[in-house]
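The values are calculated or read from the model by the stated rules, or taken from the named source; none is laboratory data. From a predicted model like this one, the values you see are computed outputs, not experimental measurements. Neighbour counts run over all protein chains shown; Cβ positions are idealised from the backbone, glycine included. These area figures cover heavy atoms from the full protein model, side chains too; ligands, DNA and RNA do not enter into them. Shrake-Rupley method; radii C 1.70, N 1.55, O 1.52, S 1.80 Å.
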There are 2 protein chains.
Amino acid sequence: MSQDQLYARRHEILTAARACFARFGYGGATVRRLEEATGMSRGAIFHHFRDKEHLFLAVAEDDAATMVETVARNGLVQVMRDLLDRAGNSEGDTAGWLGTQLEVSHRLRTDPAFAKRWAQRSAAIADATRERLQRQREAGVLREDVPVEVLTQFLELAYDGLVLHLATGRPAGELARVLDVVEGAVRKPAA
Amino acid sequence: MSQDQLYARRHEILTAARACFARFGYGGATVRRLEEATGMSRGAIFHHFRDKEHLFLAVAEDDAATMVETVARNGLVQVMRDLLDRAGNSEGDTAGWLGTQLEVSHRLRTDPAFAKRWAQRSAAIADATRERLQRQREAGVLREDVPVEVLTQFLELAYDGLVLHLATGRPAGELARVLDVVEGAVRKPAA
């Protein structure tokens, strides 16, 4: 296979595996179900990813890479708005996928190699958020009475809250307006 | 046993069970370990609580009742500050207990009877938060450009974010100052 074909195959597996993890959870996404979801044999799947844990981490890292791009361009609040929209449209079983991430971060928190890759993923998102806030501070649109680091962690707190809310299948309620409050809390007040 | 003795015994079991769930997780808190933690036989424990699931829910409801009292008196932000302090002091294995709550809310989310009791617990905390914010609005200390319902859900989002942060064993970082930002975001700006 060419590099492009390898990449395309890898991407196909990740997309199908993501849906399978979202639907069945980590434990429920058996190798048999991963074969059905991807339409590939276990041999083909594990040619690309060492084992189920590495496959799961690759899906999560793919997600995180997309998030980092959105954060750099439009900020973490926009990532939250997109997540809320997708959950409302039941798109890609957003709640299921978030729930599986929570399940796994709990289950594998005692595994140091996993914990390290998981932490790198979160750190990349935090870095992108911090850099964007720093640029906004320089542009004069950010409040100035609170350090950028505190505002970064404030946005992360809101993101974690949204993840937990959606992962536990609770209704969206007024969350769209809540995100307006979150966004307003980091901005400079209108003169 | 007198009513007082029954109540005291029940309270002892809840306290010991809470520590056991915090340390071993829901699955890991076997009946044998619950016996060791409480110093009582399974017969004695399950005389007070129907089964492990009911025991777990009773611990969680006991917690929620304490939270409702603190919310009514000092607000949900104070509950968050207390939680952060206790996690920092490793008091009562706060992170472990939050982690077990997340584990269980995920594991038992397909059980309608459990889901109902769990939702009632959250609703009691939300109601107390809403009532306190309403009193603050009447006292003129709350911002007036956002409905009380949206501010209630904003505080819940921050609470959920804190739970997820602490349950996954992440360091406190700047969370104390983040909670100042959360508190400031619901208040009327200083004139």
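Can you tell me how many residues in segment B:65-117 are on the phi < 0 side of the Ramachandran plot and surrounded by 14 or more Cβ atoms within 10 Å (Cβ to Cβ)?
Looking only at that region, the number is 36.
Could you tell me which residue of segment B:1-25 is farthest from B:Glu53 (Cα to Cα), considering only residues that are in a helix (DSSP H, G or I) and of a type in the set (Ser, Thr, Tyr)?
Of everything passing the filter in segment B:1-25, B:Tyr7 is farthest from B:Glu53 (Cα to Cα).
Given the conditions (1) in contact with a Ser or Thr (Cβ under 8 Å, 6 or more places away or on another chain); (2) open to solvent by 70 Å² or more (accessible area, probe 1.4 Å), which single one is not true for B:Phe21?
Going through the list (1) in contact with a Ser or Thr (Cβ under 8 Å, 6 or more places away or on another chain); (2) open to solvent by 70 Å² or more (accessible area, probe 1.4 Å), B:Phe21 breaks only (2).
What pairs come out if I take residues in segment A:154-179 that are more than 7 Å from every other protein chain (Cβ to nearest Cβ) and pair them with residues that are of a type in the set (Lys, Arg) whose C-beta lies under 9 Å away, six or more apart or interchain?
Within 9 Å, the pairs are A:Ala176/A:Arg81; A:Leu179/A:Arg81.
Report the residue count in segment A:132-145 for those that are in a loop (DSSP other than H, G, I, E, B) and touching a residue at least 40 places away in the same chain (Cβ under 8 Å).
From segment A:132-145, those in a loop (DSSP other than H, G, I, E, B) are A:139-141, A:143-145; that's our starting set.
Next cut, touching a residue at least 40 places away in the same chain (Cβ under 8 Å) only: A:140-141, A:143-144.
Adding up the residues that qualify gives 4.
Identify, from the list B:Thr100, B:Thr110, B:Thr38, the residue that is away from every other protein chain (no Cβ under 14 Å) and among the polar types (S, T, N, Q).
Sole residue among the options that is away from every other protein chain (no Cβ under 14 Å) and among the polar types (S, T, N, Q): B:Thr38.
Out of all the residues in segment A:180-191, which are open to solvent by 50 Å² or more (accessible area, probe 1.4 Å) and at the interface with another protein chain (Cβ under 7 Å from one of its Cβ atoms)? Break it down into steps so the answer makes sense when it comes.
Start the filter on segment A:180-191 by keeping residues that are open to solvent by 50 Å² or more (accessible area, probe 1.4 Å), which leaves A:180, A:183, A:187-191.
Scanning segment A:180-191 gives a single hit, A:Pro189.
Is it the case that segment A:108-125 has a residue that's at pLDDT 90 or above, touching a helix residue (DSSP H, G or I) at 6+ places or on another chain (Cβ under 7 Å) and hydrophobic (A, V, I, L, M, F, W, C)?
Within segment A:108-125 (the criterion being at pLDDT 90 or above, touching a helix residue (DSSP H, G or I) at 6+ places or on another chain (Cβ under 7 Å) and hydrophobic (A, V, I, L, M, F, W, C)), the answer is yes, since at least one residue qualifies.
For segment B:142-171, enumerate the residues that are under 16 Å from B:Arg187 (Cα atoms), open to solvent by 40 Å² or more (accessible area, probe 1.4 Å) and out of contact with any strand residue (DSSP E or B) (no Cβ under 7 Å at 6 or more places or on another chain).
Hits for segment B:142-171 are B:Glu144, B:Asp145, B:Pro147, B:Glu149, B:Glu156.
In segment A:32-61, what residues are among the basic types (Lys, Arg) and closer than 21 Å to A:Ala113 by Cα?
Those that are among the basic types (Lys, Arg) and closer than 21 Å to A:Ala113 by Cα: A:Arg50, A:Lys52.
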